[in-house]
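Take a look at the structure set out below.
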Amino acid sequence: MYCGNEITEDDILLNKNDTGLVVVDVQGKLAHLVGDGNQVIKRIATLIEGAKALGLPIVWLEQNPTKLGVTVPELALLLEPLSPIAKFTFNGCANEAFCNAVELANVHTWLVCGVEAHICVYQTALGLKEQGFNVEVVVDCVASRAEASKGLAITKLASQHVGLTTVEMCLYELVKDCRAPEFKTILNLIK
């Protein structure tokens, strides 16, 4: 039982039945050159594994892969059997294949992670928001080459009413209950 009855838990918290994950451009050398790159990749791996355990739809983007390289192997392996959606626009929402994948997922909330926070992550998150989705950027799973650029992106996203979360926060919010069948998997991922 909750205090009050006007707003329900599902109105406030993430819901695994209505949430998906967008992985943006964690590619090539750039993925390791961004601030805290190796740790960000590890946290994104945790987020992907958690999303899979919870049965969330995942949409995977790559920016101009012939020039920037493909998704780093440690994430590409986790994302299989999905295929990446190649794009050339910084905003994934300007790509028809991405929009189709988002529509087919049939969820209203998207978690967004990836590289670079102030370019493709920022523009894709705002694009999803503009299309009427609830959007939360997983701040410990995004990075930019300059920390100031990441900070500015997060500040601007928050000012545009994009939600902010962390990998641990969103996974526990999605699992909701320590009795849930996915709880042990999520607990082991976070440890």
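The single residue among Gly114, Gly127 that is over 11 Å from the mean Cα position of the chain (by Cα), within 25 Å of His161 (Cβ to Cβ), at pLDDT 95 or above and open to solvent by less than 40 Å² (accessible area, probe 1.4 Å) turns out to be Gly127.
Answer with yes or no whether Leu79 is over 14 Å from the mean Cα position of the chain (by Cα) and among the aliphatic types (A, V, I, L, M).
So Leu79 does not fit the description; no.
So, Thr185, is that one more than 17 Å from the chain's Cα centre (by Cα) and polar (S, T, N, Q) or not? Yes; evaluated as a whole, the condition is true for this residue. Among the residues making up the range 9-45, those that are open to solvent by less than 30 Å² (accessible area, probe 1.4 Å) and assigned to a helix (DSSP H, G or I) are Ala31, Gly37, Val40, Ile41, Ile44, Ala45. Residues of the range 89-106 that are in contact with a strand residue (DSSP E or B) (Cβ under 8 Å, 6 or more places away or on another chain), part of a helix (DSSP H, G or I), buried (at least 17 other Cβ atoms within 10 Å of the Cβ) and of a type in the set (A, V, I, L, M, F, W, C): Phe98, Ala101, Val102, Ala105. Looking only at residues of the range 46-88 that are among the charged types (D, E, K, R) and surrounded by 20 or more Cβ atoms within 10 Å (Cβ to Cβ), we find that the one that is farthest from Glu130 (Cα to Cα) is Glu62.
The values are calculated or read from the model by the stated rules, or taken from the named source; none is laboratory data. All values derive from a computational prediction rather than experimental measurement. Note that we place each Cβ from the backbone using ideal geometry, even for glycine, and neighbour counts take in every protein chain shown. With ligands, DNA and RNA removed, areas are computed over all heavy atoms of the protein, side chains included. Shrake-Rupley method; radii C 1.70, N 1.55, O 1.52, S 1.80 Å.
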